[in-house]
Amino acid sequence: MIDDFWKNWRNKTSIEKRAIKSVKSAIDFIINNVYKNDLISIYIKGSFVTRELRKKSDVDILPIVKNKKEMNRLKLIRDKNKDTLRPSEILPISYTELKQKNRSWGRADTMLRDLDHYKLVYGKRLLKTDYYIRPWDKMFKDEINMLKFKTLPLYKKGEYGFQQLIKQVFWICYSEQVLLGKNPPRTWKGLNKYIKRKNNIIHKAYYFRMYPTKDKKKITYFLTDLERYLKQF
């Protein structure tokens, strides 16, 4: 049974209505293309859940499947149907990946860390206590290194989107507040208001989130500020 948690939303925007239609189609797509015994759960995360969708936002849908073989099979099917699935983005994770302790860049335990803030729409509810999750400080360091040594170089080579880049900045700013012993909001608007320091990078990232730009001069200034921010870690 599918939990359509969005049905009780009031004052749905046109962007949300379009996304809801896409989500329904994507969930049906997953159920119809994964063998029943291989599909464990389907979760939704991100700006769809927090109702902060922008015009070009993706809706991140996380199907949890039995093993890597099934995950790779679903990815192949997804890639052949990407245009019809948009704005939904199907991001499968294998159960075997969740159970592993040594994970490259920690995609699976990042998902587990934030599980309480995702919405289960189909299948079995996962319990965080059943899995290994890196400590916050280790995860924060890995996220900083990812941004420094992977995301930024890829962006500079034209292989990574600017909006995806600032999304990573959001999560680093959020994690930094958690490590300071605080309880920050997990929304763009909320975090931007919560962090009072005027020169914090979150305020510049929030500006570009609200007002997307292709102005190379503005983006260059932002990247300079971001690299300066990252040097402190």
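Name the helices (runs of 4 or more DSSP H) wholly inside the stretch 1-106 in which the number of residues that are under 30 Å from I144 (Cα atoms) and touching a Leu at 6+ places or on another chain (Cβ under 6 Å) is 2 or more.
Hits in the stretch 1-106: none.
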**OP:** Might you check whether a residue that is without any contact (Cβ under 8 Å) to a residue 40 or more places away in the chain, of a type in the set (D, E, K, R) and in the same structural domain as P212 (by TED's automatic domain parsing) occurs anywhere in the stretch 184-192?
**Re:** no
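Working carefully through the options Y174, Y207, Y160, Y221, find the one that is more than 28 Å from D116 (Cβ to Cβ) and under 17 Å from the mean Cα position of the chain (by Cα).
Y160
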Original post:
Looking at the stretch 162-199, which of the residues that are part of a helix (DSSP H, G or I) and small (G, A, S) is surrounded by the most Cβ atoms within 10 Å (Cβ to Cβ)?
Top reply: S175
Subject >> Residue in the stretch 203-218 that is in a helix (DSSP H, G or I) and farther than 24 Å from L53 by Cβ present >> reply: yes
Original post:
Limited to the stretch 107-132, what total is found for residues that are out of contact with any Phe, Trp or Tyr (no Cβ under 9 Å at 6 or more places or on another chain) and part of a helix (DSSP H, G or I)?
Top reply: 6
**OP:** Would you mind telling me which numbered condition in (1) among the hydroxyl-bearing types (S, T, Y); (2) touching a residue at least 40 places away in the same chain (Cβ under 8 Å); (3) in contact with an Asp or Glu (Cβ under 9 Å, 6 or more places away or on another chain) Y35 fails?
**Re:** (2)
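For I144, are the conditions met, namely being in contact (Cβ under 8 Å) with a residue 60 or more places away in the chain, more than 23 Å from D79 (Cα to Cα) and among the β-branched types (V, I, T)? Working first, answer last.
Working: in contact (Cβ under 8 Å) with a residue 60 or more places away in the chain: yes; more than 23 Å from D79 (Cα to Cα): yes; among the β-branched types (V, I, T): yes.
In short, yes.
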**OP:** Output yes when any residue across the stretch 50-66 is in contact (Cβ under 8 Å) with a residue 24 or more places away in the chain, farther than 30 Å from Y211 by Cα, among the basic types (K, R) and surrounded by 13 or more Cβ atoms within 10 Å (Cβ to Cβ), and no when none is.
**Re:** yes
Original post:
Of all residues in the stretch 113-141, which are at pLDDT 90 or above and aliphatic (A, V, I, L, M)?
Top reply: L115, L120, V121, L126, L127
**OP:** Could you tell me which of the residues I40, I31 is β-branched (V, I, T), surrounded by fewer than 18 Cβ atoms within 10 Å (Cβ to Cβ) and assigned by TED's automatic domain parsing to the domain that holds L112?
**Re:** I31
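The values are calculated or read from the model by the stated rules, or taken from the named source; none is laboratory data. Computed from a predicted model, the values in this text were never measured in an experiment. Ideal geometry is used to build each Cβ from the backbone, glycine not excepted, and the neighbour counts take in all protein chains shown.
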